[in-house]
Amino acid sequence: MSEGAPRKPRIFVDADALFAGSASPTDYGASFVLLRMAEITLIDALTSQQVITEVERNLQVKLPSALPAFRLLVQRCLEVVPNPDDEVVHGHEGRADRKDLPILVAALREGCPWLITFNVRDYEPGHPDITVLTPGEFLSEVRYLLGQLGEG
């Protein structure tokens, strides 16, 4: 990549968006589209082991038939990173819901400027280096960024 060229968007995917993408009944849902974009390397998508565990547990209970597709999507689309240390998480107390704080901290540690979730309010007040968006909002952002590539 040449100096000054735009970088691929780097996103951190929360459990609800990953669940929605894995269990999507169509190929048109925003969560599924994001995962496909990662699969074909248009974006870099990361998540933490905590998120993987939560999605597997929820799929097992609610939609066990989707587990094989989920595992394939994880393998093909996501970089799974370790959970942050408790000590580091505690240093960010108050930036997000207690149960979601490790996800925010992992996104921050991994240099992801976007955290993708349907539960945007769980990440308030958040961190100034991370924008929390729904999958649909992020797709709108990508459309804008792609439009900028053609102008210049």
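For region 125-152, filtering for residues that are in contact with a strand residue (DSSP E or B) (Cβ under 8 Å, 6 or more places away or on another chain) and either closer than 12 Å to D100 by Cα or of a type in the set (A, V, I, L, M, F, W, C) (or both) leaves 5.
Across region 10-41, the qualifying residues are those that are touching a Leu at 6+ places or on another chain (Cβ under 7 Å) and part of a loop (DSSP other than H, G, I, E, B), and the one among them that is surrounded by the fewest Cβ atoms within 10 Å (Cβ to Cβ) is A23.
Criterion first (under 15 Å from the mean Cα position of the chain (by Cα), small (G, A, S), modelled with pLDDT of 95 or more and under 20 Å from R71 (Cβ atoms)) does A30 satisfy it? Walk me through how you get there before you give the answer.
On the way: under 15 Å from the mean Cα position of the chain (by Cα): yes; small (G, A, S): yes; modelled with pLDDT of 95 or more: yes; under 20 Å from R71 (Cβ atoms): no.
No, not satisfied.
Out of all the residues in region 129-137, is one or more over 17 Å from S24 (Cβ atoms), in a helix (DSSP H, G or I) and not small (G, A, S)? Checked against the condition, which is being over 17 Å from S24 (Cβ atoms), in a helix (DSSP H, G or I) and not small (G, A, S), region 129-137 yields at least one hit. Here is the figure for region 125-149: residues that are under 16 Å from L46 (Cβ atoms) and open to solvent by 60 Å² or more (accessible area, probe 1.4 Å) total 2.
Considering region 60-124, the qualifying helices (runs of 4 or more DSSP H), each wholly inside and each with 3 or more residues that are closer than 14 Å to L46 by Cα and open to solvent by less than 90 Å² (accessible area, probe 1.4 Å), run over 67-77, 101-109. Inspection of region 42-52 finds no residue satisfying the criterion of being farther than 27 Å from K8 by Cα and surrounded by 14 or more Cβ atoms within 10 Å (Cβ to Cβ). Among the residues of region 113-123 satisfying the criterion of being in contact with a strand residue (DSSP E or B) (Cβ under 8 Å, 6 or more places away or on another chain) and not hydrophobic (A, V, I, L, M, F, W, C), which is farthest from F19 (Cα to Cα)? Restricting to residues being in contact with a strand residue (DSSP E or B) (Cβ under 8 Å, 6 or more places away or on another chain) and not hydrophobic (A, V, I, L, M, F, W, C), the top hit is P113. Pick out the one residue from L115, L139, L149, L133 that is within 17 Å of L34 (Cβ to Cβ) and either out of contact with any Phe, Trp or Tyr (no Cβ under 9 Å at 6 or more places or on another chain) or free of Cβ contacts under 8 Å to residues at least 12 places away in the same chain (or both). Just one listed residue meets the conditions, L139.
The values are calculated or read from the model by the stated rules, or taken from the named source; none is laboratory data. Please read these numbers as outputs of a predicted model, since none were measured by experiment. Neighbour counts run over all protein chains shown; Cβ positions are idealised from the backbone, glycine included. Keep in mind that these areas ignore ligands, DNA and RNA; they rest on the heavy atoms of the full protein, side chains included. Shrake-Rupley method; radii C 1.70, N 1.55, O 1.52, S 1.80 Å.
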